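The values are calculated or read from the model by the stated rules, or taken from the named source; none is laboratory data. Keep in mind that what you see is a predicted model, and the values were worked out from it rather than measured. No Cβ is skipped: glycine too gets one built from the backbone with ideal geometry, and neighbour counts run over all protein chains shown. Just so you know, the surface numbers come from the protein's heavy atoms only, side chains and all, with ligands and any DNA or RNA stripped out. Shrake-Rupley method; radii C 1.70, N 1.55, O 1.52, S 1.80 Å.
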Amino acid sequence: MDDLETRELRYFVAVAEELHFGRAADRLSISQPPLSRAIRQLERRLGVQLLERDRRGVALTDAGRVLLREATVTLDALAAAARRTRRAGNPKRPLVLVTKAGASHELLSQLLDMFASEPDTAPIEILLCEVGEQAGLLRDGHADVALMHRPFDDLVGFDTENLCVEGQVAILPARHPLASRDQLTLADVRNVPDLPIARWPRLDGTYPDGPGPEVHTQSKLAQLVALGKTLLVIPASSRAWQWPEHVAVPVIDAPNVTTVIAWPPNSRSQAVAALVRSAAKLHHTESAAR
């Protein structure tokens, strides 16, 4: 019988992440003997060894690494299903829209105004996050829709509607010589010995190589730019958080960025559908204006 119980998966994930039965038992608020029995029973049911145990500690086998990956996805999906179900059962709940703090501020304002002008629309709660966090919040059910940017954000598995396409700018310290230029190229901003480009985490959480500082939050980045320690290249509309100590200069050969509204493909929310229709109408209006 290969059916797995949620409790078994939670127990295994705790041991696999801690690589220590005592710490895993403390994390689960149970004693160690029943945890050990549960893992041995799970191994017997699956017919594979999940953990290697010796005096030095605990290590995952190849089968254990596979189950850890699959179990984590499964538990996250169950938690997301519970959150979405609870929200669906509350007809007065707000629609949660997640976006990077400071990104696409003017576009977001226009979208909210257009949505509010429609009859019988749901209230919207704005969830602000850091770079690259929208996909996780959308997948785990903390948000219903998201504003994201192609090609930078993780859009795998989501339905999307384009909102706008724009160029990019370099955000520089106001006192730096490049700040006086009318325009820059990527070669210009990549070859500034005293001002290396800030490094954002990739989708897998690792950072690209380079001399620039590793950054994850807008506030840290803004201060490092103001102190003359780094620069960055971002979509033009994302400079809403720009400080007085910053200057934005267009980077004429940087690839265009597309802002999209994204949502889970299995969504049946009428409020999500109404917001997506407003996004499509806004995109049509913006395209006609251009």
Self-check item: Pairs of Lys in the chain closer than 29 Å at Cα, counting only those 8 or more apart or on different chains
Solution: 6
Quiz item: If Lys and Arg each add +1 and Asp and Glu each add -1, what is the summed charge of the other residues whose beta carbon sits under 10 Å from the beta carbon of Leu275?
Solution: -2
Practice problem: Please go through the range 1-40 and write out the GluC sites (Glu not before Pro) that DSSP classes as loop and that have at most 15 other C-beta atoms within 10 Å. | Solution: Glu5
Quiz item: Excluding ligands, DNA and RNA, what is the solvent-accessible area per residue of the chain at a probe of 1.4 Å, expressed in Å²?
Solution: 54
Quiz item: Carbon and sulfur together cover what percent of the accessible area of the chain at a 1.4 Å probe radius?
Solution: 52
Quiz item: FRET efficiency for Arg56 and Asn191, Cβ-Cβ distance as r, R0 = 45 Å, nearest 0.05?
Solution: 0.40
Quiz item: About its Cα centre, what dipole magnitude does the chain give when the only charges are +1 on Lys and Arg Cβ and -1 on Asp and Glu Cβ, stated in debye to the nearest 20?
Solution: 760
Quiz item: Hey, got a sec? Which trypsin sites (Lys or Arg not before Pro) in the range 166-238 land in a DSSP loop and have at most 16 other Cβ atoms within 10 Å?
Solution: Arg175, Arg181, Arg202, Lys229
Quiz item: How big is the chain by the Kirkwood estimate over distinct Cα pairs, in Å?
Solution: 22.2
Quiz item: Given a Förster distance of 30 angstrom, what is the FRET efficiency for Ser219 paired with Thr72, based on the Cβ-Cβ distance and rounded to 0.05?
Solution: 0.50
Quiz item: Of Gln270, Leu67, Ile234, whose Cα points farthest to the positive end of the dipole of the chain (charges on the beta-carbon: +1 Lys, Arg; -1 Asp, Glu; origin at the Cα centre)?
Solution: Leu67
